[in-house]
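Since the structure comes first, as structure tokens, the remarks are kept for the end.
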Amino acid sequence: MGLTTYLERAKQGVWDVRASFLPQQYFDAVTASGASAVLLPPQPRPEQAAAAVLDGLDGLILTGGLDVQPELYGAERHPLTDPARADRDAWELALLAGARERGIPVFGICRGLQLLNVALGGTLHQHLPEALGTERYRIGGGVFAENVVEVDADTRLAGLVGAGSLTVHSYHHQGVDRVGEGLRVTARTDDGLVQAVETEGDDYVVAVQWHPEENAEDRRLFLGLVAAAAAYRAARHGETAPSAASSEPQGVPV
């Protein structure tokens, strides 16, 4: 299972270098759900690198992080929008496009939902306190807020977490404005903000605005992705997809 990351400066002993960075909660959630985690830092030639990397993956997670560049959806930069990280934006857009071409299951988390929406022609509210008049989604200090979302019935998301009310962990100041083409909204909060989307059709592309990796007692979204990745792996190798009672004869999804 590929997980996107930043390249950030990091210190270890005498070393102070740029390194692939991702909080451990993400890959713990993947490995606890039965898959292997592979970190995917930005590459200098994103399209070529994505083509090579994706051939070895069964699933892709677009992880959380800093704001998507507003220039990508034709908006002027808000003063509180994060500084541009063009390397990560280009890398994730290339990975997403390549994954969709191959039919690789995709799961977007927070920034990942926003990038998916922008990739499909949607736009973002750059600062929700101005758009909605609330700080409920980012209370600050590295503390995740809790919000209740309403999951629509008869959606892939509802098949994973159930329809109706769900309490989630939030940490974001941006959100979906215009929904991208081909995306179905599958959950909202009571103020109308989009909290989850998925693609229409048979391809597995699910994204949520919240942070499910922060809820160690609930792996349902990751288990859903791993099951889809196992089916993709089996189909790619001409095998039968493992059942729920399977002992993983086809190997662990990557």
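The values are calculated or read from the model by the stated rules, or taken from the named source; none is laboratory data. Just so you know, these numbers come straight off a predicted model, no measurement behind them. Ideal geometry is used to build each Cβ from the backbone, glycine not excepted, and the neighbour counts take in all protein chains shown. Protein only, heavy atoms only, side chains kept; ligands, DNA and RNA dropped before computing areas. Shrake-Rupley method; radii C 1.70, N 1.55, O 1.52, S 1.80 Å.
Output the residue which, of all residues in region 132-159 that are open to solvent by 50 Å² or more (accessible area, probe 1.4 Å) and among the hydrophobic types (A, V, I, L, M, F, W, C), is nearest to the chain's Cα centre (by Cα).
Pass one, region 132-159, residues open to solvent by 50 Å² or more (accessible area, probe 1.4 Å): 132-133, 135-136, 138-139, 141-144, 146, 148, 150, 152-154, 156, 159.
Pick out the ones that are also among the hydrophobic types (A, V, I, L, M, F, W, C) and you get 132, 139, 143-144, 148, 153.
Values: Leu132: 23, Ile139: 21, Val143: 20, Phe144: 17, Val148: 19, Ala153: 21 Å.
For region 132-159, the residue satisfying everything is Phe144.
Under 8 Å by Cβ, and 6 or more places apart or on different chains, what pairs join a residue from region 150-162 that is at pLDDT 95 or above with one that is crowded, with 17+ Cβ neighbours inside 10 Å and of a type in the set (S, T, N, Q)?
Glu150/Thr189; Val151/Thr186; Asp152/Thr186; Thr155/Thr186; Arg156/Thr186; Leu157/Thr186; Ala158/Thr186
Yes/no per residue for (1) outside any helix (DSSP H, G or I); (2) open to solvent by less than 80 Å² (accessible area, probe 1.4 Å); (3) modelled with pLDDT under 95:
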| position | (1), (2), (3) |
| --- | --- |
| Leu3 | yes, yes, no |
| Glu8 | yes, yes, yes |
| Lys11 | yes, no, yes |
| Ser20 | yes, yes, yes |
| His78 | yes, yes, no |
| Ala94 | no, yes, no |
| Ile104 | yes, yes, no |
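State whether one or more residues within region 31-39 are under 22 Å from Leu113 (Cα atoms) and either in contact with a Ser or Thr (Cβ under 7 Å, 6 or more places away or on another chain) or among the aromatic types (Phe, Trp, Tyr) (or both).
The answer is yes; a qualifying residue exists.
Keeping to region 45-96, report how many residues are polar (S, T, N, Q) and under 15 Å from the mean Cα position of the chain (by Cα). Steps first, answer last, please.
Just the residues of region 45-96 that are polar (S, T, N, Q), to begin with: 48, 63, 69, 81.
From the residues that got through so far, the ones that are under 15 Å from the mean Cα position of the chain (by Cα) too are 63.
Here the count works out to 1.
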